[in-house]
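K.L.:
Please read through the structure below; I'll follow up with questions.
The values are calculated or read from the model by the stated rules, or taken from the named source; none is laboratory data. Everything numeric here is computed off the predicted structure, so don't read it as measured data. Note that each Cβ is placed from the backbone with ideal geometry, even for glycine, and that neighbours are counted across all protein chains shown. We work out accessible area using only protein heavy atoms, side chains counted, and drop any ligands, DNA or RNA first. Shrake-Rupley method; radii C 1.70, N 1.55, O 1.52, S 1.80 Å.
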Amino acid sequence: MVPAGFVRAHTQVRRPSLVPEVRLHVADDVVALWEAMETAAGGAGEEPPFWAAAWPGGQALARCLLDAPTTVAGRTVLDLGSGSGLVAIAAVLAGARRVLASDVDPFSRTAVGVNAGLNGVRGISVTGDVLDREPPAVDLVVAGDVCYDREMTGRVLPFLDRARARGCEVLIGDPGRPYLPHGRLEAVAVYEVPETEGPGVRRTTVWRLP
C-alpha cells in the first residue's frame, strides 16, 4: 500500500476551479511526481499520475452533484475511476449514504483517503479495478474522464451498461472526447471548465445513460 505521506510530500493542496468547496492534493510538476512514483514503486510506475489533477469531467460531475443534491442524497454510490476522489468527496458532501471509490492505481487509492481526510468526510471506501466484475449493489454510478482512449472506453461502457441494466442510475462526466457514444446519452448539465494544464476552458458535459 502506498503511504499517505508520499501523497502529502509530492503534492500541493489546491481548490479545483469549478468546485472550490473541495480541497485536493494535486501536482504542479507531473513529471517530477511520476519519477517519484516510479522510484517508490521500484521502477514499476507505468501509468501517469492521473490521480494528482482535477480533470474536467470529474469537476463537472462534482459540481452537478453539489448543485443538485437530490441526485445523490441518501444513496449508495460507485465512483468509477476515482482518481483524486473529487467526485466521491462531492457525493458525500451532497448527502450520499456511502461511496465506493474504484481505481486501478494504488497511488490513487491512497490519495482518495488522504483527500477525504483533508475535507473531513467519512463514508468513502476504496477498491481496485471492478470493470471485469458484476457491478456492486449501489444506486448510482458516477464516472468522470474514463473514456480517454479507445481501449478504456471498450472496457468501461459494457460495465456501465450492466450497471444500468441492474437499475443503477449512471452519470458520466466528459470534456468532449471522441470515444464516448454521445448519441446514446442524455445531457444533464454543461460546464465551461478551466483547463487542467495551460490556459483555456473545456466545454464539459454530464451525461446520463438512459
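K.L.:
The list [x] 35, 16, 14; [y] 29, 21, 18; [z] 24, 18, 18 gives values of semi-axes √(5λ) of the Cα gyration tensor in Å, and only one came from this structure; which label was calculated from it?
P.N.:
Working out semi-axes √(5λ) of the Cα gyration tensor in Å from the coordinates points to [z].
K.L.:
Step through the residues of region 133-142 one at a time and calculate ³J(HN,Hα) from phi using the Karplus curve (6.51 cos²θ - 1.76 cosθ + 1.60, θ = phi - 60°), rounding each to whole Hz and writing x for Gly and Pro.
P.N.:
Here the 3J(HN,Hα) series is 10, 6, x, x, 7, 10, 8, 9, 10, 10 Hz.
K.L.:
Here is a further query. Taking the Cβ of V126 as the centre, find all other residues whose Cβ is under 10 Å away and add up their charges (Lys, Arg: +1; Asp, Glu: -1).
P.N.:
-1
K.L.:
In the chain, what percent of the accessible surface is made up of carbon and sulfur (1.4 Å probe, ligands and nucleic acids excluded)?
P.N.:
In the chain, the share of accessible area belonging to carbon and sulfur is 52 percent.
K.L.:
Quick check on region 1-122: of the DSSP beta bridges with both residues there, what percent are antiparallel, nearest 5%?
P.N.:
40 percent
K.L.:
Relative contact order of the chain: what whole-number percent is it, with Cα pairs under 8 angstrom and at least 6 residues apart?
P.N.:
It rounds to 20 percent for the chain.
K.L.:
Test of understanding: in a Gaussian network model of the chain with alpha carbons linked when under 10 Å, which of R164, R133, R15 would top the mean-square fluctuation ranking?
P.N.:
Evaluated over the chain, the most mobile residue of the options is R133.
K.L.:
Extension gain D161-E35, at 0.36 nm per residue separation less the Cα-Cα distance, in nm?
P.N.:
41.7 nm
K.L.:
Provide the per residue accessible area, probe 1.4 Å, for the chain, rounded to a whole number of square angstrom.
P.N.:
Computed with neighbouring chains in place, this is 45 Å² per residue.
K.L.:
So who's got an amide H within less than 5 Å of the one on A96, skipping anything under 5 residues away but keeping other chains? H placed 1.01 Å off N, in plane.
P.N.:
Those qualifying (amide H under 5 Å, at least 5 residues apart or on another chain) are G74.
K.L.:
Once the principal axes of the Cα atoms of region 116-206 are found, what is the range along each, listed largest first in whole angstroms?
P.N.:
39, 38, 24
K.L.:
Picking from G120, P178, Y148, whose Cα lies most toward the positive end of the charge dipole for the chain (charges on Cβ: Lys, Arg +1; Asp, Glu -1)?
P.N.:
Going by the Cα projections, it comes out as G120.
K.L.:
So, in nm, how far is label M1 from label V190 when the simple model puts each one 7 Å beyond its Cα toward the Cβ?
P.N.:
Modelled inter-label distance: 4.4 nm.
K.L.:
For region 71-86, in order, what is each residue's ³J(HN,Hα) by Karplus, 6.51 cos²θ - 1.76 cosθ + 1.60 with θ = phi - 60°, in whole Hz (x at glycine and Pro)?
P.N.:
After applying 6.51 cos²θ - 1.76 cosθ + 1.60, I find 4, 10, 4, x, 9, 9, 9, 10, 9, 8, x, 5, x, 6, x, 4 Hz.
K.L.:
Scan around W207 for amide H atoms under 5 Å from its own, H built in the peptide plane at 1.01 Å from N, and keep only partners 5 or more places away or cross-chain.
P.N.:
The answer is I172, G173, D174, V188.
K.L.:
Just how large is the dipole of the chain about the Cα centre, in debye to the nearest 20, putting +1 at every Lys and Arg Cβ and -1 at every Asp and Glu Cβ?
P.N.:
Here the size comes out at about 780 debye.
K.L.:
So if I place +1 on the C-beta of Lys and Arg and -1 on the C-beta of Asp and Glu, and nothing else carries charge, what would the dipole magnitude of region 71-190 be about its Cα centre? I want it in debye, nearest 20.
P.N.:
The dipole of region 71-190 has a size of about 320 debye.
K.L.:
Given points 7 Å out from each Cα along the Cα-Cβ axis, report the R208 to A68 separation in nanometres with one decimal.
P.N.:
Modelled inter-label distance: 0.6 nm.
K.L.:
Roughly what % of DSSP beta bridges within the chain run antiparallel, to the nearest 5?
P.N.:
Of all bridge pairs located within the chain, approximately 45 percent are antiparallel.
K.L.:
For region 58-65, what does the Karplus curve 6.51 cos²θ - 1.76 cosθ + 1.60, with θ = phi - 60°, yield as ³J(HN,Hα) per residue in whole Hz, taken in order and with x for Gly and Pro?
P.N.:
x, 4, 5, 4, 4, 4, 5, 5
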